[in-house]
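Novice: Questions regarding the structure given below will be posed in turn.
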Amino acid sequence: MKIDGKALLAEIRANRAKLKGCPCHRFVDQKANLGKKVTCNECGGSMCLTELSGYMAGFEAAGGNANDVWPGWNK
């Protein structure tokens with residue numbers, strides 16, 4: 001199976017644009033599985049759990065509550 005590099009790059013760029021344009025990500029009623037991506041309920045952008053973990057750490061460092069982004073995150 002041959003991978004279409006241009007199509008893949010376009011998909012990645014579109015996802016990054018969604019994530020970058022979102023004022024505040026929310027992940028509600030989603031199941032977190034290693035190796036799988038989760039999708040923001042606000043913008044439709046997706047990220048892997050390691051990206052999400054970094055986002056949550058930054059959100060809390062800025063004074064936010066991670067449970068506002070993903071209810072039950074701190075359980």
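Novice: Report yes if some residue within segment 48-67 is surrounded by 11 or more Cβ atoms within 10 Å (Cβ to Cβ), without any contact (Cβ under 8 Å) to a residue 60 or more places away in the chain, part of a strand (DSSP E or B) and in contact with a strand residue (DSSP E or B) (Cβ under 7 Å, 6 or more places away or on another chain); otherwise report no.
Specialist: yes
Novice: OK, next. What single numbered condition from (1) at positive phi; (2) within 9 Å of the chain's Cα centre (by Cα) fails to hold for residue 72?
Specialist: If we test residue 72 against (1) at positive phi; (2) within 9 Å of the chain's Cα centre (by Cα), just (2) comes out false.
Novice: State all residues of segment 24-40 that are within 15 Å of residue 71 (Cβ to Cβ) and not in a loop (DSSP other than H, G, I, E, B); if no residue qualifies, say none.
Specialist: Narrowing segment 24-40 to residues within 15 Å of residue 71 (Cβ to Cβ): 24-32, 38, 40.
Listed by number, the list holds a single entry, 38.
Novice: Here's a follow-up. List every residue pair whose Cβ atoms lie under 7 Å apart, where the two residues are 6 or more positions apart in sequence or sit on different chains, the first residue falls within segment 1-30 and is β-branched (Val, Ile, Thr), and the second residue, located anywhere, is surrounded by 11 or more Cβ atoms within 10 Å (Cβ to Cβ).
Specialist: Close Cβ pairs satisfying both conditions: 28/41; 28/71.
Novice: Further, regarding this structure: Would you be able to say whether some residue in segment 43-58 is hydrophobic (A, V, I, L, M, F, W, C) and touching a Gly at 6+ places or on another chain (Cβ under 7 Å)?
Specialist: Step one: filter segment 43-58 for residues hydrophobic (A, V, I, L, M, F, W, C), giving 43, 47-49, 52, 56-57.
Now narrow it down to the ones that are touching a Gly at 6+ places or on another chain (Cβ under 7 Å): 43.
Looking through segment 43-58, at least one residue is hydrophobic (A, V, I, L, M, F, W, C) and touching a Gly at 6+ places or on another chain (Cβ under 7 Å).
Throughout, read-outs are computed from the coordinates displayed, never taken from laboratory work. Note that the coordinates shown come from a computational prediction; the quantities given were computed from them, not determined experimentally. Positions of Cβ are generated from backbone atoms using ideal geometry, with glycine treated the same way; all protein chains shown enter the neighbour counts.
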